[in-house]
Amino acid sequence: MVKKEMIAMLLAGGQGSRLGVLTTRMAKPAVPFGGRYRIIDFPLSNCINSGIDTVGVLTQYQPLRLNTHIGIGIPWDLDRNVGGVTVLPPFERNINTDWYTGTANAIYQNIEYMESFNPDYVLILSGDHIYKMDYEVMLDFHKKKGAAVTLAVMPVPMEEASRFGIVVTNGSRLITEFQEKPENPSSNLASMGIYIFSWKILKEALMANADQPNLDFGKHVIPYCHEKNEKIYAYEFNSYWKDVGTLHSYWEANMELIDIIPEFNLYEEYWKIYTKSQAVPPTYVGNDAYVERTIVGERTGIYGRVYASVMGGDVLVGEGSEIRDSIIMNGAHIGRGCYIEKAIIAEDAVIGDNVRLGTGDEVDNDTRPDIYNHGLVTIGERSVIPDGVSIGKNSVVSGEFTASDFEGGALPPGSTLIRGGERR
Amino acid sequence: MRAIGMILAGGNSRRIKELTKNRAVAALPIVGNFRSIDFALSSMTNSHVQNVAVFTQYNSRSLTEHLSSSKWWDFGRKQGGLTIFTPSITDDNNLWFRGTADAMYQNLSFLKKSHEPYVIIASGDGIYKIDYGKVLEYHIEKQADITVVVKEMEEGFRSERYGCVKMDNDNRIIDFEEKPIITSSNTVSCGIYILRRRHLIELIEKCAEEDRHDFVSDILVRYRDVKAIYGYKLDTYWSNIASLEDYYRTNMDFLKKEVRYFFMIDYPTIYTKVDDLPPAKINTGSNIRNSMIASGSIINGTVEDSLVFKKTFIGSNCYIKNSIILNDVYIADNSHLENCIVESHSTIRSDYYHKCEQGIDVVIEAGDRFIM
């Protein structure tokens, strides 16, 4: 009989709407990060590096990119005879056909998948975070404590604790109380959304709460286990962990990678991050180019000047262009003579010649000031920006445009220019 | 594809000097992340040749390590795939491969049990991109016995390193000289041949009977007037790594836009073993001009007209000019390297100075390395 001690279930179905146009056509875990990776590469690489060779990836929102990225799991060595990676979309059944309505509901709908591996433990992960973590050490903790459920937690500054789900523990790390975004937190240990469940406990809890609408781990399953007096422990994690949930935190996390010795080090040999890549030619830096404080993916051609930026692969920066403090994703082409400051340019966007991004003052965005802020200019995937236009700070542009779309050749700060939305 | 592929990657070349001390010519690193055999393998897979054998002998470990998984070139197939033939002791034979024809003879069963009607023979040390489908069409159209891919060289090329051919107006090869000192022809053989599989088996068996071992001198040259041997002119980039100068020049050619685009950007491209390296990191104080930087590298100094291969560290205030820094090299601060090839895994101490005044020097330094 097939037997896996621990399998992982990776929740990758969420949209991540606070990333704005970056997630119009892909789920958040598929969003590129750090030049050549996608966010999901981090938990997937953690799995294989921790010795977990069976991973179910639950997809729902815009799954195409994720599906093609994951494939049969070759980049992560997750192409296995038994186990490996399996993409698990919602499916139709005789009764109770439903989308995944909540994190735990998605897991509930895949009980059959988990059961087929006869696991002792199930690791629940989300595909939204940048970190390196050895789940095997967490499992050892779980076993040593004889826990029913173990939550990974990390200390956050006390003044920020009210933004998180906080746990209160006793001296032996047994959780005594949960506080969801508390006004007056009595601890600064925040839950990271990473759980190890003993399989029997998880299965029982999911079955018992099956009818709960929008069944969620944080809101329903963990409190249910707590009420039943199951032993829930907190495993403290003290290394780099970044939630890239908003455009600004996403931009910041990318920018941290260009520090001289980044806090999150991708250059270590022993805990590699794997990703799908086919061709790997080096990057070319031209004769009149200048590059500093920048990380660059493969097969990029830089003919202009680039300062303090994160660039993907297959990017082209034309002669005389200057780029500062920006994220340029795979396949984006920047024309000649552009000036680009604090921009996020998504994959395969084409920026014409003499375009200026990030002009003017910081004015609140006219539609979603909660998303497009901190002076960032965001250009959506496959957008086409015509020659000679300028786009102000806190603006978002997505779609194919010509010069006639820009009145006076300029888009004032805080504007929203989105065309098409989803591709037909 | 109606052909199987055979890549001859067994040879050694003393003219490449130190760089082939520990590796086969076919395993020489090229342009950052590639090895020279990747070009032959990628042309095969891009032409849908599904069944490929690689013959290796000299320093074969470097090559078998590189080819440890065939999936990078899409050869992980149920039908066919990639096979590596190294010399082996059998009941009938306890010798090394005594030549290219002998290598094929010792593995004749591979040829015999295949069912594709044609065979493509290619060398493992050429840098090129070719559609074998077109060569095969040409071969059939000319009703040739053997088709040889040829390339016209510029005046003043070093003929003593190449097989030189003369062709008539119909591109039939009328003369074939192996590595002549002086020649009136500037057309050379690229070491890529197509012929019928059964025909090859016959020729190889005949060679073995006569105790002859070399495909070029004992088959092509010897049969040049008997068989209909045609030349297929390759009009795209081709370079053979036969000497240190060739190796240096070929790598440097990739700084030219047309060469870079031809191999790296125009579909189909060249594949290689994927190494899972982080992006290249270019820190403050760097000044890079007309250079290629491979992934996993960290640059802090000046790099001009040079190639920096993967996982290399270049310290602050370094000056690298007209040089090739192979993979996993550590260059400490304030070093000056000009017209050099730095062997992989070298560790160069700070304030090192090496400027080669004439030609190219290979720098091999095994200093102590302190890991941060």
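Structure values in brief
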item: Percent antiparallel among DSSP beta bridges (both partners in the stretch B:281-363, rounded to 5); result: 0 percent
item: Kirkwood-based Rg to Rh ratio, the stretch B:3-264, C-alpha trace; result: 0.93
item: Debye log10 I(q)/I(0) at q = 0.22 Å⁻¹ for the stretch A:326-424, Cα point scatterers; result: -1.12
item: Interchain or long-range residues, amide H under 5 Å from A:Val291's placed H; result: A:Val306, B:Ile288
item: Amide H contacts of A:Gly388 (H built 1.01 Å from N, under 5 Å, at least 5 apart or other chain); result: A:Asp353, A:Asn354, A:Val355
item: Of all DSSP beta bridges in the protein assembly as shown, antiparallel share, percent nearest 5; result: 30 percent
item: Pairs of Cα atoms farther than 20 Å apart, the stretch B:141-232, %; result: 33 percent
item: Folded to 0 to 90 degrees: helix B:197-209 orientation relative to chain B principal axis, Cα; result: 90 degrees
item: Cα gyration tensor, the stretch A:1-159 - rounded (a/c under 1.5), prolate or oblate; result: rounded
item: For the stretch A:328-335, Karplus couplings with θ = phi - 60° (6.51, -1.76, 1.60), whole Hz, Gly/Pro x; result: 10, 8, 2, x, 6, 10, 10, x
item: 10 Å-binned pair-distance histogram of the protein assembly as shown (Cα, whole percent); result: 2, 12, 19, 20, 19, 15, 8, 3, 1, 0
item: Share, in percent, of DSSP beta bridges within chain A that are antiparallel, nearest 5; result: 25 percent
item: Calculated SAXS-style log₁₀ I(q)/I(0) at q = 0.10 Å⁻¹ - chain A, Debye, Cα scatterers; result: -0.73
item: For A:Phe91, solvent-accessible area (1.4 Å; no DNA, RNA or ligand), Å²; result: 90 Å²
item: Highest-first arrangement of B:85-98, A:164-177, where packing means the average Cβ count within 10 Å; result: A:164-177, B:85-98
item: Amide hydrogen neighbours beyond the local backbone of B:Ile127, cut-off 5 Å, H modeled; result: B:Ser239, B:Asn240, B:Ile241
item: Order of exposure, largest accessible area first, which applies to B:Thr20, A:Thr24 with probe 1.4 Å; result: A:Thr24, B:Thr20
item: For the stretch A:197-261, the fraction of alpha-carbon pairs in successive 10 Å shells from zero, as %; result: 16, 31, 22, 22, 8, 0
item: Listed pairs A:Lys200/A:Lys228; B:Lys17/B:Lys311; B:Lys151/B:Lys273 exceeding 20 Å between Cα atoms; result: B:Lys17/B:Lys311; B:Lys151/B:Lys273
item: Rounded to whole Å, sorted largest first: equivalent-ellipsoid semi-axes of the stretch A:335-388, Cα gyration tensor; result: 20, 13, 8
item: Translational D in µm²/s for the stretch B:234-372 (Stokes-Einstein at 20 °C, 1.002 mPa s, Kirkwood Rh from C-alpha pairs); result: 138 µm²/s
item: For the stretch A:206-300, alpha-carbon Rg over 2.2 N^0.38 Å; result: 1.75
item: Cα centroid of the stretch A:89-131 to Cα centroid of the stretch B:36-89, whole Å; result: 41 Å
item: Members of the stretch A:1-49 that become less accessible by 50 Å² or more once partner protein chains are added (1.4 angstrom probe, chain alone as reference); result: A:Arg36
item: Two-decimal log10 I(q)/I(0) for the stretch B:281-363, as the Debye equation yields it once each C-alpha is a single scatterer, q = 0.13, 0.24 Å⁻¹; result: -0.30, -1.14
item: Degrees between helix B:132-141 axis and first principal axis of chain B (Cα, 0 to 90, nearest 10); result: 20 degrees
item: Semi-axis lengths, Å, the stretch B:229-274, gyration tensor of Cα atoms, sqrt of 5 times eigenvalues; result: 19, 17, 12
item: Sites B:Asn169 and B:Phe262 - FRET efficiency at Förster radius 35 Å, r taken between beta-carbons, to 0.05; result: 0.75
item: Per residue Cα convex hull volume in Å³ - calculated over the stretch B:40-193; result: 149 Å³
item: Rg/Rh ratio calculated on Cα atoms of the stretch A:85-208 (Kirkwood radius); result: 1.00
item: Separation in nanometres of the label points that stand 7 Å from Cα toward Cβ, at A:Asp361 and A:Asp134; result: 5.4 nm
item: Exposure of A:Asp98 as accessible area (Å², to 10), given a probe of 1.4 Å and all protein chains; result: 70 Å²
item: For the stretch B:109-161, the spread of Cα positions along each principal axis, largest first, Å; result: 44, 26, 20
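The values are calculated or read from the model by the stated rules, or taken from the named source; none is laboratory data. Worth saying up front: this structure is predicted, and the values here are computed from it rather than measured. For neighbour counting, all protein chains shown are included, and Cβ atoms are generated from backbone atoms with ideal geometry for every residue, glycine included. Calculation scope for accessible area: heavy atoms of the full protein, side chains included, ligands and nucleic acids excluded. Shrake-Rupley method; radii C 1.70, N 1.55, O 1.52, S 1.80 Å.
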